[in-house]
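Take a look at the structure set out below.
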Amino acid sequence: MADTGVEGVTVVRGGTTVLRDVTLLAADGELLVVLGPSGSGKSTLLRAVAGLDEVRSGDVLIRGRRVTRVPSAERHVAMVFQSSALLPFLDVAHNLGWGLRVQHRPEAEVQQRVSGRARQLRLGRLLGRRPRELSGGERGLVGIGRALVQVPDVFLLDEPLGDLDAVQRVEVRRQIVDVVRTLGVPTLYVTHDPAEGLVIADRVALLHEGRVVQVGRPRELYERPVDVFVAGFIGDPPIGLLPARLVSAGGQAGFRVGTRTLPLWQPVPPPLLDHVGREVLLGLRPEDVHDAAAGQDPDTVALDGVVSHVEYTGRHQVVAVVVDAPPDGPGGGALGGGSPGGTLHSFYASRAVVRPGDAVRVTVDAARAHVFDPATGRALRHPPDRR
Ligand SMILES: Nc1ncnc2c1ncn2[C@@H]1O[C@H](COP(=O)(O)OP(=O)(O)OP(=O)(O)O)[C@@H](O)[C@H]1O
């Protein structure tokens, strides 16, 4: 496979190690989304592939070719960077065609590609304008168009939709996906927005402090996060976290939360055997936490809590509930000592009457819980696939 990306790459900037032994490779035609908190090294990764940042060790590959020592201009990359500047003295049409003219492509081809892409991005009426005569969003679109008119060896897109409005973001991200599929160009796409990343990605890589924490299909990161950091980063509203104690009685496992036991309706699963009697951290996705007032499934247990936030989305209300139930017994609430239970998020019907401060009851099914080791954050168990 002709891979594109980095292999065992370490980058040091200003004395700080910004990427640590990172391996991340995209296949031809693959859209690999790089997610991570601010400062995790996403832009540095793209800059290393582009040849704009020197790598301390490791290799940069573009379509299987080792280009670590190849100058940036000879790597055939098309980039959109957050602050990619358009050429101020050229109009939009010439900015769009600039990369192709630098490559000495025939003028007829340049014109054809520029007009085609301008039509798709609805830039037609702007072709004669200079960058200073454009809005921020229009400049962003031209920057994207300038990359997408090319057929490079790799697309490097760093927050490409940052300047666009909500409607444009949806339209343009679909165009980007189409272009990548049609041309078969490997693409590294950086975004700080997990929701945007999940919808367009073939695979997602999550960076944290210069390391790749997990890479996989969007569904894998959502349903099988390797640790509590990934679980918390992927998903909106965020996964709810609830300290609990794993118990086993009469051959049946359960999670003790305050005075309630959430039964698993099965013996202790093998990955949890070492944790019986110890504290665990339960992760519950909002779709697995329900308003008890809307009816109760017999497999679920009700937990009492107090509403801290309500967000109306139109389709439903996202309700944050603080469950006041530290694990009982010695060392209860070891997550920082005396932990006050946890916060769960739930989708309430849009017409439900619920306000911050209300005492509410939510139902949860222990079988739907992700289980984490509170000391290391590592995932111990995931709920079975929902098929
Ligand atoms: N020239 C530099 N000298 C020293 N440290 C730097 C330099 N440039 C960047 N850094 C540091 O490198 C780390 C990674 O930066 P990078 O821009 O790759 O992060 P990022 O994940 O893209 O962040 P953001 O989402 O905020 O754009 C940050 O901690 C940043 O402070």
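The values are calculated or read from the model by the stated rules, or taken from the named source; none is laboratory data. Please read all numbers here as calculations on a predicted model, not as lab measurements. For neighbour counting, all protein chains shown are included, and Cβ atoms are generated from backbone atoms with ideal geometry for every residue, glycine included. These accessible areas exclude ligands, DNA and RNA; they are computed on the full protein's heavy atoms, side chains included. Shrake-Rupley method; radii C 1.70, N 1.55, O 1.52, S 1.80 Å.
Overview of values
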read-out	value
Positions within region 8-52 being in a strand (DSSP E or B) and away from the ligand (no atom under 12 Å from the Cβ), in sequence order	G8, V9, T10, D21, T23, L24, L25, A26, L31, L32, V33
Residue match in region 71-85 (condition: away from the ligand (no atom under 16 Å from the Cβ), part of a strand (DSSP E or B), open to solvent by 20 Å² or more (accessible area, probe 1.4 Å) and modelled with pLDDT under 95)	yes
Qualifying strands (runs of 3 or more DSSP E) (wholly inside region 218-269; at least 3 residues being closer than 20 Å to E287 by Cβ)	240-249
Condition broken by V55, with the remaining ones in (1) touching a residue at least 40 places away in the same chain (Cβ under 8 Å); (2) open to solvent by less than 20 Å² (accessible area, probe 1.4 Å); (3) in contact with a strand residue (DSSP E or B) (Cβ under 8 Å, 6 or more places away or on another chain); (4) away from the ligand (no atom under 16 Å from the Cβ) satisfied	(4)
Matching residues, region 251-302, being among the small types (G, A, S), within 16 Å of L241 (Cβ to Cβ) and over 30 Å from the mean Cα position of the chain (by Cα)	G258
Counted residues, region 286-300 - those being modelled with pLDDT of 90 or more and either open to solvent by 70 Å² or more (accessible area, probe 1.4 Å) or not acidic (D, E) (or both)	4
Positions within region 161-201 being touching a Phe, Trp or Tyr at 6+ places or on another chain (Cβ under 9 Å), open to solvent by 10 Å² or more (accessible area, probe 1.4 Å) and part of a loop (DSSP other than H, G, I, E, B), in sequence order	A201
Residue selected from region 303-331 under the condition at pLDDT below 90 and within 19 Å of A359 (Cβ to Cβ), by the criterion most open to solvent (accessible area, probe 1.4 Å)	D324
Enumeration of residues in region 233-265 that are out of contact with any Leu (no Cβ under 9 Å at 6 or more places or on another chain) and of a type in the set (K, R)	R245
Count of region 272-306 residues which are under 14 Å from F372 (Cα atoms) and assigned to a loop (DSSP other than H, G, I, E, B)	3
